[in-house]
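Peer 1: Below is the structure I would like to discuss, written out as structure tokens.
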Amino acid sequence: MTSSMPPRGTRPPRPGSGLTLSYPMSLGVFEKYEDAQRAVDYLSDEEFPVQNCMIVGTDLRQVERVTGRLTAGRVALGGLLSGVWFGLFIGLIFALFANSGDALMTVFYCVGFGAFFGLAYVLIGYAMTRGRRDFTSVSQVVATRYEVLTEHKHAERARELLEQMPVQRD
């Protein structure tokens, strides 16, 4: 399970980014991030120079959780509120440079224009999708495996320590 190259299909990090090892070697592959973290934590407890270690997530997949239906009403409300906030922001900036009597009217006009254009923008965008994505969701990229790597000059000592690591019972 030793390796001198990054996992297949990944691009090595840019030099100087703090995310590189000169000659990384694998100490093990774990199904859960917590297990990889526990291995590095154990090495740290044993005073191993963990600054020479990396945890690399591999076999990435995207997970999307559908959170609800998307209707024209929800889209309109979101665009309206977004436009109001943007208009308020712009109005307050303009009010800083307006005459004191005109400042409040400037803010109101900007809020009104922001609400109108925010509403129009999202409704046009929603109409253009023609119902192809009538739901809301959140997505995240997650790894399915985690590999612990260390510099080649520390690999043998790290493996000896990990062999002594107590087995965790779930």
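The values are calculated or read from the model by the stated rules, or taken from the named source; none is laboratory data. It should be emphasised that the depicted structure is a prediction, and the values quoted were computed from it without experimental measurement. Don't worry about glycine lacking a Cβ; one is built from the backbone with ideal geometry, like all the others, and counts go over all protein chains shown. Surface accessibility is based on the protein's heavy atoms, side chains included, excluding ligands, DNA and RNA. Shrake-Rupley method; radii C 1.70, N 1.55, O 1.52, S 1.80 Å.
Peer 1: On the full set of protein chains, 1.4 Å probe, figure out the accessible area of Ile124 and give it in Å² to the nearest 10.
Peer 2: 100 Å²
Peer 1: Can you pull the percent of the chain's accessible area that's carbon plus sulfur, 1.4 Å probe, other chains left in place? The partial results should precede the final answer.
Peer 2: Values: 7270 of 12500 Å².
Roughly 58 percent of what the probe reaches on the chain is carbon or sulfur.
Peer 1: Would you check the accessible area of Met54, probe 1.4 Å, heavy atoms only, in square angstrom rounded to 10?
Peer 2: Here the residue's solvent-accessible area equals roughly 40 Å².
Peer 1: Once the dipole of segment 30-87 is set up with Lys and Arg at +1 and Asp and Glu at -1 on Cβ about the Cα centre, which of Ala76, Cys53, Val63 lies farthest towards its positive end?
Peer 2: Towards the positive end, the residue furthest out is Ala76.
Peer 1: Between Arg132 and Phe108, what FRET efficiency comes out of the Förster formula 1/(1 + (r/R0)^6) with R0 = 41 Å and r the beta carbon distance, rounded to 0.05?
Peer 2: Once rounded, the FRET efficiency stands at 0.65.
Peer 1: Next question. Counting pairs of Cα atoms in the chain, how many percent are more than 22 Å apart?
Peer 2: Percent of Cα pairs beyond 22 Å in the chain: 65.
Peer 1: Which value, in Å², gives the accessible area per residue of segment 53-170 when a 1.4 Å probe is used on the protein heavy atoms? Could you put the intermediate results ahead of the total?
Peer 2: Values: 8600 Å² over 118 residues.
Counting only protein heavy atoms, the per-residue value for segment 53-170 is 73 Å².
Peer 1: Label Thr144 and Arg159 with points 7 Å out from Cα along Cα→Cβ: what is the distance between them in nm?
Peer 2: Roughly 2.7 nm, to one decimal.
Peer 1: Which residues in segment 129-170 place their backbone N less than 13 Å from a point set 7 Å from the Cα of Arg74 along the Cα-to-Cβ direction?
Peer 2: 133-138
Peer 1: To continue, here is another question. Based on Cβ point charges of +1 for Lys and Arg and -1 for Asp and Glu, what charge dipole magnitude is obtained for the chain about its Cα centre, in debye rounded to the nearest 20? If you can, show how the numbers build up before the last one.
Peer 2: On the way: 17 positive and 17 negative charges, 208 e Å.
Dipole magnitude for the chain comes out near 1000 debye.
Peer 1: Moving on. Looking at the chain, identify the longest residue range that excludes and avoids all trypsin sites (Lys or Arg not before Pro) in DSSP loops having at most 14 other Cβ atoms within 10 Å.
Peer 2: Segment 33-129 is the longest.
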